[in-house]
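Before any comments, here is the structure.
All of the numbers you see were taken from the coordinates with simple rules; none came from a lab. Predicted, not measured: the structure shown is a model, and the values here were computed from it. As a convention, Cβ positions derive from the backbone with ideal geometry for all residues, glycine included, and neighbour counts pool all protein chains shown.
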Amino acid sequence: MPNGKRFVIVFVVDGLRPDAITRELTPTLFRLRAEGVDFTNSHSVFPTVTRVNAAAIGTGMQPSATGILGNQMFSAAVDSRRALDTGNHRRLLELDRATGGRLVLTETLGERLQARGLRLASVSSGSTGSALLTNSRAPHGVGVLINGAFEPGKQVAWPADVNETILAKFGAAPPRGAFPRYDAVVTWTQQVLREYVLPELTPDVVINWLTEPDHSQHHLGVGSPSSLEALANDDREIARVMTTLDELGLTPTTDVLVVSDHGFTTNVSGVDVAGELIAAGLKAAPDSGDVVLASSGQAVAVHVDDHGSERVAAIARVVQSREWGGVVFTRARAAGDARGVVDATFALELIHVANAERGPDLLFTFPWTSRPNAFGVPGTDLASVSGGAKLYASDHGSMSPWNVRNTFLAWGAGFKKRATVRTPVGNVDVAPTILSLLGVPDGDALDGRVLAEALDGGPDPEQIAVETRIHAVESDSYRAAIQISTIDGRRYVDKSWRIR
């Protein structure tokens, strides 16, 4: 990579809450945040789950545009009776084949870069599905995509020559065993990045996904000692990458973004949603195709086979009548209306989840609180356990502020120094900001926005106009609210809650 070439790297630390960054535990991240830009009002895209946010980071577009709407997603073209797991790249490639190459329904960051002679390399230790969604066109010849678990020991990358070189130089990635930490997988992936991708492939943009502490937090709890150790390992690995950039002479022309895909909260109980709907006479059987549930842990999308309005309304009433029911969303009553067509629901369009081809008929969350867990980390929620799904110790997916609020910081040549930005920002803003840093004009055409207030020479963030509004709905004893912040027409979902 020649000196003077502009380079952008995005570290995605899966499941990293911003309050977990400390001088003692994560000195590298702490330093980057202190020296660069600290975004104190950042947002995960809803549902606040990995694959939805991977697609948002990899495109700069909202779920309504990408068509990636959950950690589980329903597509009748692949399976008319059940949702598919978007964490498995094989299922996503099935969807890609079934839809004529339309896995993601919008142009990707990788494609936009390639059209201008630039190259994206996605280097991920996360799930194969989340890896693919950061550069979904890689199997079709766009940029580079690396993940040691695609076909262990056989295929770890696209294109083929990159795959062959990695296997020859580094061997197979460590297996993903039952142990609740994936430190070894992270370390293998980071070695490939440092010793091959950066010095030999010389990409213009890298999306580097570190799968911890997500995995350990799910199994052992957010704030658990083991998950903190995994986070400390991430920090050391990021420090090694920063040292490599120095050694390659890249630091003066490098811009660094550090984000997380979502926050994290503690599960206090599970809900068998399918069982509840069967008991109410609204679904025939756990695997029936009349009503298909697509779970994102702490949020559930509901697909009704004929989109029947009466059944959708009846399902909404069941959710609203139960103690486990949170906030409910259906299609908008009219264009621009924040209310859903069903009484006391909000519009799917308001939260960027409406999609004519893949969107649900109804989506709901569970009630959350700000209570701390046994490790002193605030935030509790419920989660779906339909179909025998595991109830994790900690999870995400909801519209709790503890899940919406993700990590977001910036450091480097193009950013302000020692700045705090309080304006709403989010994962959907990563791609347009990258394009702006590289002088590519496409950033203005995306759902996300260029974070000009964080750029060197950009406007004063305290002079950015922000409109924050709370919408409320009510029917009999059920009441709910949602808070939305808007900048230049771009909506950020802050939180929603059932009013008790």
Suppose we look only past 21 Å in the calculated P(r) of segment 402-500. What percent of the Cα-Cα pairs does that tail hold? 42 percent
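Could you work out the equivalent-ellipsoid semi-axes for segment 251-338, taking the square root of 5 times each eigenvalue of the Cα gyration tensor, largest first, in whole Å?
Values: eigenvalues 225, 69, 38 Å².
For segment 251-338, the semi-axes come out at 34, 19, 14 Å.
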Normalise the Cα radius of gyration of segment 3-147 by 2.2 N^0.38 Å (N = residues in it) and let me know the number. 1.14
Across 10 Å bins beginning at 0, the whole-percent shares of Cα-Cα pair distances in the chain come to 4, 21, 32, 27, 13, 3, 0
Projected area, mean over directions - segment 318-415, Cα convex hull, nm²: 10.3 nm²
Could you tell me the distance between the Cα centroids of segment 162-212 and segment 131-158, to the nearest Å? 11 Å
5 angstrom amide H check on V385, placed H, neighbours 5+ away: V271, D272, V273
If packing is taken as the mean number of other Cβ atoms within 10 Å per residue, what is the order of 200-209, 77-86, highest first? 200-209, 77-86
Amide H neighbours of V421 at under 5 Å, excluding residues fewer than 5 places away on the same chain, with H built from the backbone geometry, are D38, F39, T40
Within a Cβ distance under 13 Å of L103, other residues only, what is the Lys/Arg minus Asp/Glu net charge? +2
Computed over segment 364-439, the ratio Rg/Rh where both radii use C-alpha atoms and Rh is Kirkwood: 1.11
Cα radius of gyration and Dmax for segment 63-160 (Å): 13.2, 43
Segment 50-87 and segment 1-43: distance between their alpha carbon centers, rounded to Å: 27 Å
Fraction of alpha-carbon pairs over 25 Å apart in segment 222-379 - percent: 49 percent
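Starting from the coordinates of the alpha-carbon atoms of segment 453-498, obtain the Kirkwood hydrodynamic radius over all distinct pairs and give the value in Å to one decimal. Display every interim value, and only then the final one.
Details: mean 1/r = 0.0792 Å⁻¹.
About 12.6 Å for segment 453-498.
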Derived scalar couplings ³J(HN,Hα) [segment 18-35; Karplus, 6.51 cos²θ - 1.76 cosθ + 1.60; whole Hz; x for Gly, Pro]: x, 7, 8, 7, 9, 4, 7, 7, 10, x, 5, 5, 4, 5, 4, 5, 5, 7
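Taking every pair of alpha-carbon atoms in segment 169-217, give the share separated by more than 17 Å as a whole percent.
The calculated P(r) of segment 169-217 puts 40 percent of pairs beyond 17 Å.
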